[in-house]
Amino acid sequence: QVQLVESGGGLVQPGGSLRLSCAASGSIFSIDAMGWYRQAPGKQRELVAVDSKSGSTNYADSVKGRFTVSRDNAKNTVYLQMNSLKPEDTAVYYCSAVVRRYSSLPSRTYWGQGTQVTVSS
């Protein structure tokens, strides 16, 4: 199996920063895209930022210029540096990874358990 373990969430004041981490482990042949989604109460899960295996990144318009996604391929880990946080960034943040477990199998998407980020004074 594949496990994604997130860390780094918490409570922060508006304008503050947090850094999320997500490490993938288990039976992994290769990982394609890794990234972050979030879900606020009463809303659908939405893309925050994704880093493809080739290094290209994609961000939600609402976080461009404030959030940075990066990854350490040697550690199967993806990070999300969040600066200038706003109350509207409050949500549960989920890590995702497109993983191929064996060379003979197709890739599939795995999800972490989620970590709460609360931006409030």
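Place a +1 charge on the Cβ of each Lys and Arg in the chain and a -1 charge on the Cβ of each Asp and Glu, then give the dipole magnitude about the Cα centre in debye, rounded to the nearest 20. If you can, show how the numbers build up before the last one.
Working: 13 positive and 8 negative charges, 37 e Å.
In debye, rounded to 20, the chain gives about 180.
Any chance you could run the full-extension gain for TRP111 through SER62? It's 0.36 nm times the residue separation minus the Cα-Cα distance, nm to one decimal. Display every interim value, and only then the final one.
Values: separation 49, 0.36 × 49 = 17.64 nm, distance 2.22 nm.
Full extension from TRP111 to SER62 adds 15.4 nm.
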Taking a straight Cα-to-Cα line shorter than 27 Å from LYS43, and setting aside same-chain lysines fewer than 8 residues away, one finds LYS64, LYS86
Expressed as a whole-number percentage, the relative contact order of the chain with C-alpha contacts under 8 angstrom and at least six residues apart is 36 percent
per DSSP, antiparallel bridges as share of beta bridges in the chain, % nearest 5, sits at 95 percent
Rounded to two decimals, the Debye log10 I(q)/I(0) of the chain (Cα scatterers, no solvent) at q = 0.09, 0.23 Å⁻¹ is -0.23, -1.33
Under the Karplus relation with 6.51, -1.76 and 1.60 and θ = phi - 60°, whole-Hz ³J(HN,Hα) for the stretch 75-89, x at Gly and Pro, equal 9, 6, 10, 10, 10, 9, 8, 10, 10, 6, 5, 10, x, 6, 7
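If the chain between GLN3 and SER52 were fully stretched, how many nm would it gain, using 0.36 nm times the residue separation less the Cα-Cα distance?
Numbers: separation 49, 0.36 × 49 = 17.64 nm, distance 1.89 nm.
Gain on extension, GLN3 to SER52, equals 15.7 nm.
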Taking a probe of 1.4 Å and leaving out DNA, RNA and ligands, the chain shows per residue an accessible area in Å² of 52 Å²
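What does the net charge come to around LEU85 if you take all other residues with beta carbon closer than 15 Å to its beta carbon, with K and R at +1 and D and E at -1? Don't jump to the answer; show the numbers that get you there.
On the way: positive: ARG19, ARG38, LYS64, ARG66, LYS86; negative: GLU88, ASP89.
Counting the neighbours of LEU85, the net charge comes to +3.
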Once the dipole of the chain is set up from charges on Cβ (+1 Lys and Arg, -1 Asp and Glu), the residue from the list SER103, VAL63, PRO14 lying farthest towards its positive end is SER103
One finds the C-alpha centres of the stretch 43-57 and the stretch 86-100 to be spaced, in Å, by 9 Å
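The values are calculated or read from the model by the stated rules, or taken from the named source; none is laboratory data. Not measured: the values here are computed from a predicted model. Positions of Cβ are generated from backbone atoms using ideal geometry, with glycine treated the same way; all protein chains shown enter the neighbour counts. Keep in mind that these areas ignore ligands, DNA and RNA; they rest on the heavy atoms of the full protein, side chains included. Shrake-Rupley method; radii C 1.70, N 1.55, O 1.52, S 1.80 Å.
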